[in-house]
Structure formats: C-alpha cells, structure tokens
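Accompanying notes for the structure given below.
The values are calculated or read from the model by the stated rules, or taken from the named source; none is laboratory data. Here the structure is a predicted model, which means the values were calculated and not measured. So basically every Cβ, Gly included, is an ideal-geometry build from the backbone, and we count neighbours across all protein chains shown.
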Amino acid sequence: MPGGHESASEPAAEPVRDLGSDPGIGGRARRVRAEPADLCRRRLDGRAVRRTEALVVGRYPELVRLAYLILPTGLERHRRVLTAHALVQNALPGRWRDLRRRPGAAGMGDAELVRLRIVRGALLRCRSTRRWAARPAALPQVWGLRLFPPTGGADEPAIEQALGRLSGPGRAAYVLRVLEGLDPAAVVELLSIAGVEDVASAEAEADALAADPVGLAGGPGSAAGRLLHAALFDPCTLRATPSDLLRRRRRRRTAPVAIAVVAVLAALVPYAGDATESDTRVAPATGVAPATPVAPAARVVVGAPRVVPADAWTTTTRLDFDVWSTRGPRAGDQALTGRAVRAWVEPEAGTVVALGPGAAAGPPGDLPRLLYAGDVAGAAVVLLTDGTRLARYTEEQGGRRLDVAAADDSDARSASAVVLHRGVEGVRMLLAPWVDEAAIRDLRRPDDRSRPLPVTDGTTAPMPDPGTAAEGCATVPVLELVSGRAADGRPYLLADLGEMSATHLTYMPPPEFAHTGRPAEAASTERALTVWSRTACVLETLRGRGLRLVDNWEFAHFDLPEAAGDGMWSCVHAFDRRGGGDVVVQFLPPGAGADGAQTVERVADSPACSRSANDIVAGTWWRARSGTWYLVAAGSRDVVKLTASAPLAGSADARRLILKSPGAAPNTAARPQLVATLKSGSTIKPLT
C-alpha cells in the first residue's frame, strides 16, 4: 500500500531524500559507479523499492504532471490523465526489466531512475498514439465518469498547441528543461538512456520553441514555467462528467435475451415453495418479471432550490454557471420554484420534457441552484443548474415544459447568456452577472456599429431570432458583450444557435498578422469581423448541435493572379461539449460576400483545426475575370511545401500553390490531389 507503515520487525529503512532537494530532480546528480554485485543486491533489496515508493508518493503530483506534458496532446484528455497516473504508479523498479541495466544508468540515484522510467514510458506511447490509446493500463481504471483537468486561461492552450507541434522527444526535452530545470547536457544524457535515437533533433525542437515563446508576454523563461504549472496541465486536480449515459442505456436494453431469461428464472426460484408460507405473490406468467416499486423522492430531495448569493461570482477566479447569482422578481416564490424542481426530479403527466444535445437524462443528484425565477413575455420561467446541466421550466398558457441542456466545460464567455424565452416578439436572454455592457451586431455587416441592447436586472429586451431571419442569410444577428472579467475587457460575440445557452464565437488570425498571441482572439476585432462577415452563413448549418464555441481560423491568405486581390482560407471548427465537433473549410475569393464563399471540405466529428490537430491543407478551383481557371491551394503555418499530382501537376516550396489550367475549362468537379510537407518532414493530405 503506498505510503503504508513498516512493521517493527522489519529492518530500518535508509533515509529518504526529498525529491525537491535531490540534485537528481533539479540538476545532475553526482554519479558513483556501483559494482555488479552491489547492483544485484540493490535490485533484490526491498528497501530500495520502499525508498522509491516514498519518493513517488512524496512527489506524486509533480511526477504525474511531467508524464502528462510529455504524452501526445492528441490523446483524448480522459485517456491522457489515466495514462499519466499509470506511468507514475508503474515507476517502481522491476525485477526483470531494471533500467539500471541500460548503458549509462548504472550509477543513477533513486530519483533519477523514477524520472527515467516516466520519461521512457511516455515516449513509448508517443511512438504510436493509436496503438497505445487502444491498450489502456490495467490500473487506474475509471468506470462511468470522464475526467479532465480544469479549463485554463487564455495562454495555457497556446503553449499546449506549441507543445503539440513537437515530436515526443522534442516535447520531453522542452518539458525537462522548463518544468524540471535540467541543463541541456543532463537532458541529452537522460534522453539517450531512455532510448531516443535522434537526440540532436529533439534538442533543436526544444531550442526552437524556447526561442519562439508563441506570443507569451515575458518570453519563454518564467512565463513558460508558470504556464506549465497551470491547472490545465494538472492531472491531479480534475473535473468529472458522466460518460455517455444514452449509449450505456442502449447497451443494457440490447443485452442478450438469454441473460434476461436466466435472470427471471433465478428470481422466481425462491418463490417456488408453498405460497402460504410467504406474503409475496408471484405475478401471472406473462413473460415479464414483476416490477419493483421505486420511490424517486426517497433518493432525490424535492423542495425549494438553493439560492446563490449575489456576490458569489466576485469571490472566485473561475466564472461559469456555478457562480451565477440568483435573480428574478419571483425568486422568493417557493411554490413556483418547487414545481420547477419537481418537474426535473419527477415530471408530472402533461409536462413536456426536452433534452438538448449531449444532455444527460435523469434528475439532479441534489437540490439544484436557482439562477432565475420570473415572468417573461407572459410566461412563468424558472432557470436551474446542477453544475453540469441547465434546466429551464416554463408555465405558459396552461402548459408546462422542461428543457434540459448540457452546461459542463463552460467558461466566463460561453456561460455569459442563456435564453429565457422565445416568442413572436423575439428572444429574451438572461446575461451573466459579470457582464457590463450588451449590444446587438449584424455579423454580415462588419462596418456597421453595434446597437446598444437594453438590459433590466440581467434580462435583455427582445432580440431578433436568427432562426426566423430572412432566408438567404441576409442578416445574422449576434450578441456583443463587454465584461471586465472576460476577454480582457474586449468585446466578445455570442451567437444564438437555437440552444438554451448562446455559443461563443472566436477568431484566429493567420501567422502573418500581428495579434495578441491568445489561442483565439475576440471575434470583434476589425479583421475578425471581416472574415466572419464572409463566413457567417455557415452558422445556420450548425444550429441545434449543442455547441459551446465556434472558432473561425484564417489559416492562409495570399494574392491571386491577374491582380484579382486577396484570397482567404478559413477553417471553422464547431466545438461541442463532448470534445467533438464539425469542421468546415472555405475559400473566400476576393470581393465575394458570404454567398460567394466556396465550401472546400466538410467533416463531422473531427479534431482538425484545433489545438490537437493544427496542420491543414486544402485546394479548389478559382476562375479569374478573364475566364482563366486556376488550381489554388494553401497550407497552415507549418507547411513548407505543396505538391499537386492531379488533375494538374506542380509543386511550390511555400504555403501556397497556384497552377494555371491550360486550354479549355477544366473539370472543376475533379478534386485536387494534394500533399503538404511540414517542417518536421511529415506529410498531410486534405481532410476528405
């Protein structure tokens, strides 16, 4: 048992060195070469194992963080967390595969060997992500829950994105330098012992990242070290959400019929005796086992919801629905709020219950928190939350309705607005208590100024409903908010995509444009509004998906032939709350509005254009005013060469490729066959 006490009969353990002061953690330790006989005795000596165990337990959070940062960023976060814990828990010396046998490791101390085992294990998983992801460790195992570190600030995803572009050894070299404080010579020695073949390349990658601090203020030194110690990279401080409850339910319902029959027969065996000796009666043989009475109220408390203080959001660094204060003129109406809680726990007959995408079914585990209660456009509305879901209870014209939506993984921006009511007058929203200003903006008209939106006690005046907007995407109304606690005080945009909570819109500029270095700039900058105005119609195709965030990444732009102007390439990634999302790649010819945008790629449930898969290439056909056709292609930041093989052949040592079609008009239905070469030497192809 880790951390357990030794019995008095056992020999006294040798003094344990603290890893924080051990030179094997912060720098290079003095080596003492041991004789083979000493090594054998040390390997078989139980005291060495106990020493290592104490080291692992004493520095467990730091060691798990080290493993987590070296593991591939493309691993699903839940699997990455469990793998990091498994690597550290398996860092005790083995009887048959002792790393001291590896060249150069004979004189290592206990602390250095622990670190070596962790680094080597993480690098093995970097070699083949898919193969290792499909083979989870025996322990630890988690059933029925998904675990992930808390959402970080604005800079943490940027450094994770930069780490994701490195190879496994390069990432290990950088993390060992910044997190562990090892000097370059110690890093080279450790990686060599761990089995890295090209240590020089790993060091070069770490040097390049250290020289390019991905826009972080203060450079790569203390800033990078601070970010690697952030909560986003702490696999010991975790948030939990349930796994796919609907899939689990389907599996139970589709279990083999034979198992059900056996279970029914086994249940009937105790009742095969004389019925007069028991009050229990067997139901008639109808082929269905008698149901066991269930009293939901005995398991879930039904009553008035909990009230959240008005200043709850001012006393925390994390802003989401959990810290929304209770508002509304009927917050004290316990009869109304009690009916809302009862509708969530055990809906009465006649109550319409609707689950949004990704929302788990079932009642809250405890009394939910009350966010709002009041009359909106003639309807009584109550808004509740249990930490992972939002529930909106509505009484209108004699009918009762409960809408439940997923709300986990929210932040200060995506938790800024909730729809209270939709009607003929428009949409009324409840804004977060930290919102200072609100306005309406037409996303199709970037040059128009936003119009102030009246707000009373957090409730907005009626807004245009995008779902009823004129056909043809003539206008795309969005909400523009300002908060001193969100987006550094800059305006940020939220879109009503038909869900209960509004969706945050972000924008990432191409590398040639100066920007803040944030992972996704507020979409209210001048360049962002220009790009969004030309891609706004894609939002209509994303309605009703349960999205938390939609990012518009302008990954390339360049001048087109015949002085036509600037062509832009956009990759829109729609993030849902499960980690998936749709990807739409568009080419924006010069001068074309949203109607002229060409959709080049569209993929469902893809990590493309996110921090875990940020390399992309795309191509399409473009016709100049002269009538000449061109094959145009573009790649993202790390692309160094583009090659086309069909229907036109050509290449360019750049992120862009333009090939003129000879003679008559080409077959524009033929998809360009493209290959992009990255800085690392690897290659990628278009998404489809």
Fill in: In region 44-79, residue surrounded by the fewest Cβ atoms within 10 Å (Cβ to Cβ) [restricted to those that are under 19 Å from SER612 (Cβ atoms) and at pLDDT below 90]
GLU76
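Scanning region 321-362 for residues that are assigned to a helix (DSSP H, G or I) and aliphatic (A, V, I, L, M), which turns out surrounded by the fewest Cβ atoms within 10 Å (Cβ to Cβ)? Full working, then the answer.
Here is the first cut: in region 321-362, the residues assigned to a helix (DSSP H, G or I) are 321-323, 334-345.
Still in the running and aliphatic (A, V, I, L, M): 323, 335-336, 340-341, 343, 345.
Numbers: VAL323: 21, ALA335: 8, LEU336: 20, ALA340: 27, VAL341: 26, ALA343: 23, VAL345: 19.
By that ranking, first place goes to ALA335.
Only one residue in PRO686, PRO662, PRO672, PRO647 is more than 19 Å from VAL585 (Cα to Cα) and in contact (Cβ under 8 Å) with a residue 24 or more places away in the chain, so which one is that?
Numbers: PRO686 fails: more than 19 Å from VAL585 (Cα to Cα); PRO662 fails: in contact (Cβ under 8 Å) with a residue 24 or more places away in the chain; PRO672 fails: more than 19 Å from VAL585 (Cα to Cα).
Answer to the check: PRO647.
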Worksheet item: Looking at (1) in a loop (DSSP other than H, G, I, E, B); (2) in contact (Cβ under 8 Å) with a residue 60 or more places away in the chain; (3) not charged (D, E, K, R), which is the only condition LEU371 fails?
Response: (1)
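Answer yes if at least one residue in region 589-600 is surrounded by 22 or more Cβ atoms within 10 Å (Cβ to Cβ) and under 20 Å from the mean Cα position of the chain (by Cα), and no otherwise. So that I can check it myself, show each step before the final result.
Keep residues of region 589-600 that are surrounded by 22 or more Cβ atoms within 10 Å (Cβ to Cβ), which gives 600.
Now restrict to residues that are under 20 Å from the mean Cα position of the chain (by Cα): none.
No, there is no match, as no residue in region 589-600 is surrounded by 22 or more Cβ atoms within 10 Å (Cβ to Cβ) and under 20 Å from the mean Cα position of the chain (by Cα).
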Practice prompt. Please give the number of the condition SER661 fails out of (1) surrounded by fewer than 15 Cβ atoms within 10 Å (Cβ to Cβ); (2) more than 25 Å from VAL603 (Cβ to Cβ).
Written response: (1)
Item to complete: Within region 60-90, count every residue that is out of contact with any strand residue (DSSP E or B) (no Cβ under 9 Å at 6 or more places or on another chain), within 21 Å of GLY170 (Cβ to Cβ) and not in a helix (DSSP H, G or I).
Response: 4
Fill in: Qualifying positions in region 186-223 - in a loop (DSSP other than H, G, I, E, B) and either modelled with pLDDT under 80 or of a type in the set (Lys, Arg) (or both)
ASP212, PRO213, VAL214, GLY215, LEU216, ALA217, GLY218, GLY219, PRO220, GLY221
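Just name the residue that is surrounded by the fewest Cβ atoms within 10 Å (Cβ to Cβ) out of those in region 156-185 that are part of a loop (DSSP other than H, G, I, E, B) and of a type in the set (Asp, Glu). Give the steps one after another, and end with the answer.
Start the filter on region 156-185 by keeping residues that are part of a loop (DSSP other than H, G, I, E, B), which leaves 165-167, 179-183.
Among the residues that remain, those that are also of a type in the set (Asp, Glu) are: 180, 183.
On the way: GLU180: 19, ASP183: 13.
By that ranking, first place goes to ASP183.
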Item to complete: Identify all residues within region 550-582 that are surrounded by fewer than 22 Cβ atoms within 10 Å (Cβ to Cβ), closer than 18 Å to CYS609 by Cβ and among the hydrophobic types (A, V, I, L, M, F, W, C); write none if there are none.
Response: PHE575
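Run down ALA407, ALA461, ALA415 and say which single residue is more than 23 Å from ASP551 (Cα to Cα), in contact (Cβ under 8 Å) with a residue 24 or more places away in the chain, hydrophobic (A, V, I, L, M, F, W, C) and surrounded by 14 or more Cβ atoms within 10 Å (Cβ to Cβ).
Details: ALA407 fails: more than 23 Å from ASP551 (Cα to Cα); ALA415 fails: more than 23 Å from ASP551 (Cα to Cα).
Selected residue: ALA461, the only one of ALA407, ALA461, ALA415 that is more than 23 Å from ASP551 (Cα to Cα), in contact (Cβ under 8 Å) with a residue 24 or more places away in the chain, hydrophobic (A, V, I, L, M, F, W, C) and surrounded by 14 or more Cβ atoms within 10 Å (Cβ to Cβ).
Identify, from the list ARG441, ARG445, the residue that is more than 29 Å from the chain's Cα centre (by Cα) and either exposed (fewer than 15 other Cβ atoms within 10 Å of the Cβ) or at pLDDT 95 or above (or both). Spell out the reasoning first.
Values: ARG441 fails: more than 29 Å from the chain's Cα centre (by Cα).
Step by step, each of ARG441, ARG445 is checked, and only ARG445 is more than 29 Å from the chain's Cα centre (by Cα) and either exposed (fewer than 15 other Cβ atoms within 10 Å of the Cβ) or at pLDDT 95 or above (or both).
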Worksheet item: Quick one: ALA438 ticks every box in (1) in contact with a helix residue (DSSP H, G or I) (Cβ under 9 Å, 6 or more places away or on another chain); (2) part of a strand (DSSP E or B); (3) outside the structural domain of ARG342 (by TED's automatic domain parsing) bar one, so which box is it?
Response: (1)
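With the condition kept exactly as written, say whether any residue in region 475-484 is over 29 Å from the mean Cα position of the chain (by Cα) and either farther than 28 Å from GLN397 by Cβ or surrounded by 23 or more Cβ atoms within 10 Å (Cβ to Cβ) (or both). Break it down stepwise before answering.
The first filter runs over region 475-484 and keeps only residues over 29 Å from the mean Cα position of the chain (by Cα), leaving 475.
Now narrow it down to the ones that are either farther than 28 Å from GLN397 by Cβ or surrounded by 23 or more Cβ atoms within 10 Å (Cβ to Cβ) (or both): 475.
Yes - at least one qualifying residue is present in region 475-484.
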Discussion item. Regarding region 642-652, can at least one residue be identified that is hydroxyl-bearing (Ser, Thr, Tyr), outside any loop (DSSP other than H, G, I, E, B), outside the structural domain of GLU205 (by TED's automatic domain parsing) and buried (at least 19 other Cβ atoms within 10 Å of the Cβ)?
Written reply: no
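State yes or no: is LEU494 modelled with pLDDT of 95 or more and either closer than 30 Å to GLY356 by Cα or in a strand (DSSP E or B) (or both)? Lay out the reasoning, then the answer.
Working: modelled with pLDDT of 95 or more: yes; either closer than 30 Å to GLY356 by Cα or in a strand (DSSP E or B) (or both): yes.
Judged against the criteria, LEU494 is a match.
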